[in-house]
Amino acid sequence: MTPPILAEGLTHRFGEGPHARRVLDGLDLTVAAGTFVLVTGPSGSGKTTLLTILGGLRTPTAGRVEILGVPVGTARRAEIARLRRRIGFVFQRHNLLRPLTVVENVEAGLHAADADGNGSGGNGGIRARALAMLEAVGLAAHAHAMPDSLSGGEQQRVAVARALVRRPALVIADEPTASLDHAAGRMVVDRMKSLSAQIGCSVVMTTHDDRLYAFADRRIHLEDGRIVPLSTHPGAQT
Amino acid sequence: MSAAFPFLLARRQLRFRIGTALGALAGVTVAIVLMFTQVGFRNALYDSALQIPANLDGDVFVVSPYYASMTFTPPWFARTLLHEAEAVPGVRDARAMHLFTAQVRLPENGRHLSVTIVAFDPARPVLRLPEIEAALPALGLPRAALLDRLSRHDYRRVAEAIRHEGSAEVLLHAPTATLAPVIDLVGTFAMGPSFTIDGMIVTSDLNLYRLAGIPLDRVSVGVVRAEPGTDPVALARMIEERLAGRGRAFARADFLEHERAYYATRTPIGVIFNIGLGVGVIVGMVFVVQALHAMVSANVGEYAVLVALGYRPAFFAALVLLIAAAIVAGTFLPATLIALGVFNLAADATSLRLEMEPADVAAVFGLVLLMAALAAFVAVRRLGRVDPLSLFE
């Protein structure tokens, strides 16, 4: 079975010619299904660039990368768009649609997936799945509230629900706890980990918070665009 | 993709940003009213310019080679050309019409008003208005004339005086007369003023000579009636060939179009109304674009997430089009009603015929749709630049 993420010699540069800057430098990476992976590293180490490539949002300049079986370096735009509908995204900012209720925001995650006939089960099915996902992230009581009435942590949990309600094969999370206090951040990652385990999807998440390392099945540490073996990285324990 | 989702999001966006939406609604309403008034005034201009030619009892019209429009005193041609035209096979008769633009003075208050004097031989009338036909014998009397009772300003009071007392007098300012000659207004008819001239008087050709000294062999427009079954276009061509450059001939429809086109393209008035119509479209578009831009700009991050989630450009196009359509739907009927009110006010003030025909409503609605589509296109292009990569900080 093809792993959700398979990268060989993954390289990415910004710019051309002598001014080109190599951000990722020949990464070899395989992520098995259902794995919760944390990507750590200092600012400028290439974490975000890696995530954007793994999310099908950017094409690598060199190397072979397959996401959910799709070769992102050579795939057509329509294939990439279809691929993205099989991926859940959680960002540092929740970016919930403020005019919609909490449950409608979660449903927004299903409407796009519905385009590929993922069987959301019609409007009734969509609502039921969204409510079930809100229950799973502990926000069922706020289903019909407006996002502005929720705390930052609760809003981020809605964003997690929106990402996972479509039962993606892969979740890409970019510093989802960066703007939250530690307790709220732990709650968000905890829900993300347990739900992804239930669904059986892989999660690749970047973080600067070493207190979240315990949630990871695997940690990848980047420095200067290269994976640094954890044994050589001080304080790395996963 | 659920078809209901764009509807839901569009509705909520409008409600959530009600201030922006109301601003757009007000702005677009004003723009639509502006479009209606431009169309209404433009049509009134054309209608008023076509009042005399449309009421001429002819199939072909002969004019000077230098003729531009009937509005002011047009260049004359020799009456002998009408005799030549009458010799063309298919011509039943060719009658002379004289047009003279001048000013009259009202004796009771000394006010001056512009006037178009239409003159013809009462034995060979050129206008087919029953009221004028009934009063033809009276036009044979010296200085006798008929007044258009729909004329503007003080003419209305003169028409009232004619109605109550049977006649009224006005004085003609004629460059050829030492003393202003008196015109006896002995009756009225209904036609309506033009954009530029306040009123109209109909009299005999002999009276025009008496009043203004215009020689009777100088003709403004030759009104040619064709034998039954004659093609007026072919007849006009034959007459023009016969006149060999000394006069032009138009079939009736071509003559009306020539008069309309004079205002539409050769005078600034028609051009200004058309520009005003374009300005209305642009103003409305600016308001819709502004509203859409405000809604899009406020949600760039949220839309970027939707792009990342795999929402297609068609979704965003549908969203923007629905918001634009809602703005149009919310404004068109109120704007139409306001425009009707403006038409009534303007018609009372100017005596012009300002009416909203179904075709005008359809035309303005088409322009509003075009405006909304252009605005939506601009907003969709803006949305096309939404990049999920911007979400990675």
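Within segment B:359-393, being of a type in the set (Gly, Ala, Ser) and away from every other protein chain (no Cβ under 14 Å) holds for B:Ala359, B:Ala362, B:Ala363, B:Gly366, B:Ala372, B:Ala373, B:Ala375, B:Ala376, B:Ala379.
Checking segment A:40-61 against the condition returns no match, with no residue being away from chain B (no Cβ under 14 Å) and among the aliphatic types (A, V, I, L, M).
When B:Ala26, B:Ala44, B:Ala78 are checked against the criterion of being small (Gly, Ala, Ser), surrounded by 20 or more Cβ atoms within 10 Å (Cβ to Cβ) and more than 14 Å from chain A (Cβ to nearest Cβ), B:Ala44 stands alone in meeting it. Considering (1) on the phi > 0 side of the Ramachandran plot; (2) out of contact with any helix residue (DSSP H, G or I) (no Cβ under 7 Å at 6 or more places or on another chain), the lone condition that B:Gly90 does not fulfil carries the number (2).
Rundown of residues vs (1) buried (at least 23 other Cβ atoms within 10 Å of the Cβ); (2) free of Cβ contacts under 8 Å to residues at least 40 places away in the same chain; (3) small (Gly, Ala, Ser), yes/no style:
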| position | (1), (2), (3) |
| --- | --- |
| B:Gln290 | no, no, no |
| B:Val307 | yes, no, no |
| B:Val320 | yes, no, no |
| B:Phe332 | no, no, no |
| B:Ala339 | yes, no, yes |
| B:Phe343 | no, no, no |
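B:Ala145 fulfils the conditions (1) at pLDDT below 90; (2) of a type in the set (Gly, Ala, Ser); (3) within 18 Å of B:Ala190 (Cα to Cα) except for a single criterion, (1). Restricted to helices (runs of 4 or more DSSP H) entirely inside segment B:276-393, those with at least 3 residues that are over 27 Å from A:Glu104 (Cβ atoms) and out of contact with any Leu (no Cβ under 6 Å at 6 or more places or on another chain) are B:313-350, B:358-384.
In segment A:48-103, the qualifying residues are those that are touching a Phe, Trp or Tyr at 6+ places or on another chain (Cβ under 7 Å) and of a type in the set (S, T, N, Q), and the one that is nearest to A:Ile220 (Cα to Cα) is A:Thr48.
From the set of residues in segment A:71-93 that are over 17 Å from the mean Cα position of the chain (by Cα) and outside any loop (DSSP other than H, G, I, E, B), which is nearest to A:Pro4 (Cα to Cα)?
Taking segment A:71-93 and keeping what is over 17 Å from the mean Cα position of the chain (by Cα), we get A:71, A:73-79.
Going one step further and asking which of them are outside any loop (DSSP other than H, G, I, E, B), we end up with A:71, A:77-79.
On the way: A:Pro71: 11, A:Arg77: 19, A:Ala78: 19, A:Glu79: 16 Å.
It comes out as A:Pro71.
When segment A:163-181 is limited to residues that are within 12 Å of the chain's Cα centre (by Cα) and part of a loop (DSSP other than H, G, I, E, B), the one that is surrounded by the fewest Cβ atoms within 10 Å (Cβ to Cβ) turns out to be A:Ala169. Residues in segment B:13-23 that are within 14 Å of chain A (Cβ to nearest Cβ) and free of Cβ contacts under 8 Å to residues at least 24 places away in the same chain: B:Arg15, B:Phe16, B:Ile18, B:Gly19. Among residues that are at pLDDT below 90 and either facing chain B (nearest Cβ under 7 Å) or in contact with a Cys (Cβ under 8 Å, 6 or more places away or on another chain) (or both), A:His111 is included.
Answer yes if at least one residue in segment B:220-243 is under 14 Å from the mean Cα position of the chain (by Cα) and either of a type outside the set (A, V, I, L, M, F, W, C) or over 17 Å from B:Asp93 (Cα atoms) (or both), and no otherwise. So far as segment B:220-243 goes, no, none of its residues is under 14 Å from the mean Cα position of the chain (by Cα) and either of a type outside the set (A, V, I, L, M, F, W, C) or over 17 Å from B:Asp93 (Cα atoms) (or both). Could you tell me whether segment A:5-16 includes any residue that is under 21 Å from A:Asp210 (Cβ atoms) and of a type in the set (A, V, I, L, M, F, W, C)? The answer is no, given that none of the residues of segment A:5-16 is under 21 Å from A:Asp210 (Cβ atoms) and of a type in the set (A, V, I, L, M, F, W, C).
Listed residues B:Arg143, B:Arg128; which is of a type in the set (D, E, K, R) and closer than 30 Å to B:Ala346 by Cβ? Walk me through it before giving the result.
Details: B:Arg143 fails: closer than 30 Å to B:Ala346 by Cβ.
Only one candidate passes the filter, namely B:Arg128.
Say whether the condition of being surrounded by fewer than 24 Cβ atoms within 10 Å (Cβ to Cβ), closer than 18 Å to B:Tyr311 by Cα and of a type in the set (D, E, K, R) is met by at least one residue in segment A:54-66. Walk me through how you get there before you give the answer.
Within segment A:54-66, the first condition is being surrounded by fewer than 24 Cβ atoms within 10 Å (Cβ to Cβ), and the residues that meet it are A:57-64, A:66.
With the extra rule that they be closer than 18 Å to B:Tyr311 by Cα, the set shrinks to A:57-58.
Okay, now just the ones that are also of a type in the set (D, E, K, R), so A:58.
Scanning segment A:54-66 turns up at least one residue that is surrounded by fewer than 24 Cβ atoms within 10 Å (Cβ to Cβ), closer than 18 Å to B:Tyr311 by Cα and of a type in the set (D, E, K, R).
Before we move on, is A:Val23 in contact with a helix residue (DSSP H, G or I) (Cβ under 6 Å, 6 or more places away or on another chain), surrounded by 16 or more Cβ atoms within 10 Å (Cβ to Cβ), under 21 Å from B:Tyr311 (Cα atoms) and among the β-branched types (Val, Ile, Thr)? No; evaluated as a whole, the condition is false for this residue. Screening A:Asp116 on (1) within 30 Å of A:Val39 (Cβ to Cβ); (2) modelled with pLDDT of 90 or more shows it passes everything except condition (2).
The values are calculated or read from the model by the stated rules, or taken from the named source; none is laboratory data. Nothing here was measured: the structure is a model prediction, and the numbers come from that model. Reconstructed Cβ throughout: ideal geometry from the backbone, glycine too, with neighbour counts over all protein chains shown.
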